[in-house]
There are 4 protein chains.
Amino acid sequence: MIKAGIIGSTGYAGAELVRLLTGHKEVEIVWYGSRSYIDQKYASIYRNMFELVDAKCLDDNMEELSKKADVIFTATPQGLCASLVNDSILSDTKIIDLSADFRIKDVNIYEQWYGIEHKSPQYIEEAVYGLCEINREQIKKARLLANPGCYPTCSILSIYPMAKEGWIDTKTLIIDAKSGTSGAGRGAKVANLYCEVNENIKAYGVASHRHTPEIEEQLSYAAGEPVLLNFTPHLIPMNRGILVTAYADLKKDVTEEEIRDIYKKYYDKEYFVRVLEQGDCPETRWVEGSNYVDVNVKLDKRTNRLIMMGAMDNLVKGAAGQAVQNMNLMFGFEEQEGIRQAPMFP
Amino acid sequence: MIKAGIIGSTGYAGAELVRLLTGHKEVEIVWYGSRSYIDQKYASIYRNMFELVDAKCLDDNMEELSKKADVIFTATPQGLCASLVNDSILSDTKIIDLSADFRIKDVNIYEQWYGIEHKSPQYIEEAVYGLCEINREQIKKARLLANPGCYPTCSILSIYPMAKEGWIDTKTLIIDAKSGTSGAGRGAKVANLYCEVNENIKAYGVASHRHTPEIEEQLSYAAGEPVLLNFTPHLIPMNRGILVTAYADLKKDVTEEEIRDIYKKYYDKEYFVRVLEQGDCPETRWVEGSNYVDVNVKLDKRTNRLIMMGAMDNLVKGAAGQAVQNMNLMFGFEEQEGIRQAPMFP
Amino acid sequence: MIKAGIIGSTGYAGAELVRLLTGHKEVEIVWYGSRSYIDQKYASIYRNMFELVDAKCLDDNMEELSKKADVIFTATPQGLCASLVNDSILSDTKIIDLSADFRIKDVNIYEQWYGIEHKSPQYIEEAVYGLCEINREQIKKARLLANPGCYPTCSILSIYPMAKEGWIDTKTLIIDAKSGTSGAGRGAKVANLYCEVNENIKAYGVASHRHTPEIEEQLSYAAGEPVLLNFTPHLIPMNRGILVTAYADLKKDVTEEEIRDIYKKYYDKEYFVRVLEQGDCPETRWVEGSNYVDVNVKLDKRTNRLIMMGAMDNLVKGAAGQAVQNMNLMFGFEEQEGIRQAPMFP
Amino acid sequence: MIKAGIIGSTGYAGAELVRLLTGHKEVEIVWYGSRSYIDQKYASIYRNMFELVDAKCLDDNMEELSKKADVIFTATPQGLCASLVNDSILSDTKIIDLSADFRIKDVNIYEQWYGIEHKSPQYIEEAVYGLCEINREQIKKARLLANPGCYPTCSILSIYPMAKEGWIDTKTLIIDAKSGTSGAGRGAKVANLYCEVNENIKAYGVASHRHTPEIEEQLSYAAGEPVLLNFTPHLIPMNRGILVTAYADLKKDVTEEEIRDIYKKYYDKEYFVRVLEQGDCPETRWVEGSNYVDVNVKLDKRTNRLIMMGAMDNLVKGAAGQAVQNMNLMFGFEEQEGIRQAPMFP
């Protein structure tokens, strides 16, 4: 039994961590951090946890928390984790950062896309990018873990086998992504009001979304060459779920079956990645509430273009679930512990 | 480890049973019954279960199934269970019927409200009405269990303490209920299409809904006198959830606090019924995906009328979850096994 | 052609006024008031009006506006209209107040339920309650018009014929109402975020909602005796629409047909009130975007209780549409001008 | 005043025609065709038209109808119009076909993508493709009009200026489109039930959707060269609205401003196409209920790729509204008559 602290426990990702860790056999939550709700009962904010969580919310004191917890999750806005972490903290505890602070190796790219100064660039190199299916062995040894972004997780897993094998022309890569509204967070903004989101679809952050360099960096490692791509996210009137539809020209004359064989080679042993039956398109409803990513491809012979698709729950595999998966690896627990839930439908 | 069969496994309630039983330590599903999808892979119908369920759908052969299973769940339209059950089956297996066939003790009332002939009235008396919080001891001994309806579960638990104590005038009882659309089932009907339900609210079955006599019967037992009431269900554009708002005149001059004390007396030891903090109204979002029923009351001093409220997930506590809870009691498992999930929000 | 000014034009009701008046033959909007967006182009806030409205938002200067406009609509929070109106303004222009400031004749009741001091009680008596179907003649002569609340409009029109005829026992009257989320306004509050409202239903303001005394006052006039009732609103995951389900004991032994005849007597000449066919329940989808109120009743012979139902669009008949209807009466235009749109479905 | 008949008046597009024509000054509907509801009152199927439409539904007798109507709208499945039309009918009346039967000039392509035999290929050449902004002059003279598909309307208008000017490399063209669920029609299918669509997003018809050749044909005319492209539609949990996000490599070194100038050149005089302010992305909520198409572009300098975006209401500009616009042109009415409604929000 380890002790865990959550900084930012009253955001949607933080609350999902509470939900998942509450059902985890090896973890006890000892710190419900929430600067906005200090001293209020956690269950008065998230009434789903009524009678399940008795604790009150605490301030974001990472120093104090590091003495009490074996692992700290930071489910906070960009910049916070980087501004708090130090050697003392890292020698006392492991950190799983759900923000973007340690995802990007080139600090200049981080500062340029995020528009803020990085307060502790000295830890960037050591940080491990926590996409379990790709970096499992390094994750096991990490003490500072950069939990991947929601769009990057779904995008990278959908494209990775083709980028790695060099079967697609990465210069032609376009990712058109769609996300449920929980991805926009719990801040009180007019743009996220029910009546503004309901009965609407829009693109946002076109050619400028911050997840772009994160996806590019990881696919560059896979492809062994620099990848520049277009990434366009859209806001969908639903609570949870991300769908990725990615397009790229094929460099080889192959069949859909051969392509699917590659995907199966990469993912057959991966519990949380499901390569669907031929012809089945991933849909977010089939993964809701679970840590699964469903992927599949469709080859268009007319244009010789490959359509790569992925669906997952942005709060689980795209945030809290993957954080738990990473924690399991970092502490030697069974990788599926606490995140084995079947998707809930409808 | 017991063996369970599900007849009607591809309806929404049946599918929820599959989801819950898949995570239950003591149960193995041996029969995925579905007359509509015989020989098709279950996971091709409910793709959330892809890679989790490998079986194909089977016909509704209860005789054969009774030889293989320790318990049979019938998540089927009214009349089916009553038409199939017989002595031989009941001597081989236990039955948990999610339809209304064995909920109502007076067969005339059943036939009048449901408009069909009851095919096996001889088993009605033995059947136990499976509202665990009220009939726990009889449930433990049951071999034929009538799993309560969704509206009745939420309505009865919201009102029961007041009816039992005799604090409300049951002649003034009005239940205004609201349900998510999964309650309407998975049949292909125009009225349940997305565009017909979305951006709409309507009452239906006004003064004629079949759950009325079920609620009346149970509250009559509680009150010790015949109860006639108004029950009006409404269809809400959401997937899951039932909210009950019930009204009755108080017979005594009491405070809201005294009333809440009665609710706590009845429910404090009940794991799945949560009496909320004073002033908090039950909301379906806080129970989604879980077996909880949240209840609370508001006393209107101006009219001396009591407003009793309850919220639950119609597919869990209102169907599959309560069926599992009943199974746990019938087989001596821990009552919470398999249904301990925290509510999922958002 | 008259000139109209709107104070509060960037709230949902104000924006609906802009939409409706833009299509009105006799009106030109000369003032788009919005304290939050002064000097910003109106069409940059409400992009539906792009290329249709070229004006910028102006401050809430009612004095200046009264010199320019023949009619001022105040679609603002409670208290604002009462704090700004004066003799000079009322001698220059007519005011249609969409807030509650002049709806309630007893200033003590207003101050008690709204929790604010009324700044100009001297105008309350002169103000006309603008429920056109009931007060048409007084409305024609009004210079200060109190536009009814959304819930009251739907509640009163659903119940009025029975209250007026004395067929129901008003002491038993219970109104269970449901509203789409636009009724909660466009303020940036966590409680109204998409993820908080979607997949949820809740009661709110139980036994304390401010529309209660407004409904009671109007039904008291109809019944000729003081009416105290229960009013419970619920928040529904949809943009528009209000549904009222009201219950009362019948004082007479009558048939549903006789009751429906009364409704037809009251409403057959009313363009905007539709008494549905026997057995049809009002649904919000059938009135969306229009000024119609659909009403009907169901008599429960078992309990001798009458269920009275009404559906309308809260932003049209419940706010902006009724305000235009009132303006039409006040200026001698055709009553349907500008609000003749057929409901939009789906 | 002309007389109009609608075949297929109880589908969503047909019903939208009824709504729009009911408010059109120059048209009287004389035939509500609906094979499924013959002899039932139209307003009993679409209760929004209660008290507005008194007629009953009639069979699909185009021969008889052609004697009575000046114009026939066929809002029917593919193949029906082609199987009914003949010289006699066309000499008596004008036809506006909302199905795909006469949209594609090459009958082989039609038969291949639609999988049915074309029953009257002799009329294909004469038929005019009714995209008003592009074919206005031919439309005025047409007697057989092929009303464009929903996706093609939005896709073509979003891309047309760039294809026509030759600024984009059409070999790289990818259209990722998203549609509300009314586009799926009113047929009773499990896939379109509320609980299946809500809280879900999926791609469908990947590399095989029938609107692909229609878009390709029209863009080929514009580009003056054969266009092959990828078109991927997605189903969105909302009633109305289509959003197109299209990608293509630029062939020239131009600025976003220069590109927007081209769009303005093409569309500044077009009432129903709105080129948004720089940086504003089209959103479906801003066009709902109206005949507008909002378009804009974003240039990604990093990849030298252009993102072209468009939003419209699939039932209005994507079906019924455009059909009315075409009718207005064909009969010499004002082009905006009957479809001048401002978009309704929220």
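The values are calculated or read from the model by the stated rules, or taken from the named source; none is laboratory data. Because the structure is a prediction, the values reported are computed rather than measured. Cβ placement follows ideal geometry from the backbone for every residue including glycine, while neighbour counts extend to all protein chains displayed. Side chains included, ligands, DNA and RNA excluded: accessible areas come from the protein's heavy atoms. Shrake-Rupley method; radii C 1.70, N 1.55, O 1.52, S 1.80 Å.
A few remarks follow.
- Residues of the range B:193-216 that bury at least 30 Å² of accessible area once all protein chains are present, compared with their chain alone (1.4 Å probe, heavy atoms only, ligands and nucleic acids left out), are B:L193, B:Y194, B:C195, B:E196, B:N198, B:E199, B:N200, B:I201, B:K202, B:A203, B:V206, B:A207.
- Karplus-derived HN-Hα couplings along the range C:17-30 (A = 6.51, B = -1.76, C = 1.60, θ = phi - 60°), whole Hz, x at Gly and Pro: 4, 4, 4, 6, 5, 4, x, 8, 5, 9, 10, 10, 7, 10
- Accessible surface computed residue by residue for the range C:62-187, with neighbouring protein chains in place and a 1.4 Å probe, gives 33 Å² per residue.
- Low-density loop positions, GluC sites (Glu not before Pro), the range A:227-292 - DSSP coil, at most 13 other Cβ in 10 Å: A:E277
- Whole-Å distance, taken between Cα centres, linking the range A:40-80 and the range B:153-226: 39
- Inter-copy separations for B:N61, label at 7 Å along Cα-Cβ, nm, ascending: 5.3, 6.8, 8.6
- Chain B: angle of helix B:211-223 to the longest principal axis, Cα-based, in degrees nearest 10: 60
- Inter-copy label distances at D:Q112 (7 Å, Cα→Cβ; nm, one decimal): 4.5, 6.8, 7.9
- Accessible surface, the range A:257-346, averaged per residue in Å² (probe 1.4 Å): 27
- Taking chain D and dividing mean pair separation by its residue count, relative contact order in percent (alpha carbons under 8 Å, at least six apart): 17
- Fraction of accessible area attributable to carbon and sulfur, chain D (%, probe 1.4 Å): 46
- Cα gyration tensor shape of chain B, rounded if a/c is under 1.5, else prolate or oblate by comparing a/b with b/c: prolate
- Between 0 and 90°, nearest 10: helix C:321-331 axis offset from chain C longest Cα axis: 70
- Since only D:P121, D:F345, D:A15 are under comparison, the one whose Cα sits farthest along the positive direction of the charge dipole of chain D, derived from C-beta charges on Lys, Arg, Asp and Glu, is D:F345.
- Chain B - charge dipole about Cα centre, Lys and Arg +1 at Cβ, Asp and Glu -1, debye rounded to 20: 420
- Test item: D:46-56 mean partner chain Cβ contacts at 10 Å: 5
- Equivalent-ellipsoid semi-axes of the protein assembly as shown, from the Cα gyration tensor, Å, largest first: 44, 43, 34
- Solvent-accessible surface (1.4 angstrom probe) belonging to A:S91, in square angstrom, nearest 10: 80
- Rounded FRET efficiency, nearest 0.05, which uses the C-beta distance separating D:N108 from B:D169 and R0 of 60 Å: 0.20
- The alpha carbons of the range C:46-160 occupy a box of 43, 32, 30 Å along the principal axes, longest dimension given first.
- Ranking C:V30, C:N48, C:V107 by Cα position along the charge dipole of the range C:8-129, where only Lys, Arg, Asp and Glu carry charges on their C-beta atoms, puts C:N48 farthest toward the positive end.
- Taking Cα atoms only, the orientation of helix A:256-267 departs from the longest principal axis of chain A by about 30 degrees.
- Copy-to-copy label separations for B:N304, where each label sits 7 Å from Cα toward Cβ, in nm and ascending: 2.0, 8.5, 8.7
- Cα-derived Rg to Rh of the range B:184-303, Kirkwood definition: 0.99
- Under a model in which nothing but the beta-carbon of Lys, Arg (+1) and Asp, Glu (-1) is charged, the protein assembly as shown shows a dipole of about 0 debye around its Cα centre.
- Ranked from largest to smallest solvent-accessible area, with a 1.4 Å probe on the protein heavy atoms, D:S208, B:S179 come out as D:S208, B:S179.
- Centroid-to-centroid separation of the range B:268-346 and the range C:302-337 [C-alpha atoms, Å]: 38
- Surface accessible to a 1.4 Å probe, B:V27 within the full protein complex, Å²: 10
- Cα gyration tensor shape of the range B:97-195, rounded if a/c is under 1.5, else prolate or oblate by comparing a/b with b/c: oblate
- Amide H contacts under 5 Å for D:I168, placed H, 5+ residues apart: D:K251
- 3J(HN,Hα) couplings calculated from phi for the range C:110-120 with the Karplus curve 6.51 cos²θ - 1.76 cosθ + 1.60 (θ = phi - 60°) are, in sequence order, 4, 5, 6, 7, 9, x, 9, 7, 7, 7, 8 Hz; Gly and Pro show x.
- The range C:142-229 - Rg and Dmax from Cα coordinates, angstrom: 15.6, 45
- Under Karplus coefficients 6.51, -1.76 and 1.60, residue-wise ³J(HN,Hα) of the range C:157-168 in Hz, glycine/proline x: 5, 6, 10, 3, x, 6, 5, 5, 7, x, 8, 10
- Trypsin sites (Lys or Arg not before Pro) restricted to DSSP loop in the range D:216-291 with at most 16 other C-beta within 10 Å: D:K251, D:K252, D:K269
- Interface burial for C against D (accessible surface, 1.4 Å probe, total of both chains, Å², rounded to 100): 3300
- Shape analysis of the range D:118-277 places it in the oblate category; the axes a ≥ b ≥ c from the Cα gyration tensor give an a/c of at least 1.5, with a/b not above b/c.
- Rounded D (µm²/s) - the range A:1-98, Kirkwood Rh over Cα pairs, Stokes-Einstein at 20 °C, 1.002 mPa s: 162
- The H on the amide N of C:Y129, modeled in the peptide plane, is under 5 Å from the matching H of C:A146, each at least 5 residues off or on a different chain.
- Binning all Cα-Cα separations of the range B:249-346 at 10 Å, short to long from zero, yields these whole-percent fractions: 16, 40, 28, 14, 2.
- Mean ellipticity per residue at 222 nm, deg cm²/dmol - from DSSP H runs of n ≥ 4 across chain A, formula -39500 (n - 2.57): -8500 deg cm²/dmol
- Considering the rotation that superimposes chain D on chain A, the residue of D whose beta-carbon lies nearest the axis, and that distance in Å, is D:D176, 2.
- Amide hydrogen neighbours beyond the local backbone of A:K94, cut-off 5 Å, H modeled: A:V71, A:I72
- Euclidean distance of C-alpha centroids, the range A:88-108 and the range D:229-265, integer Å: 38
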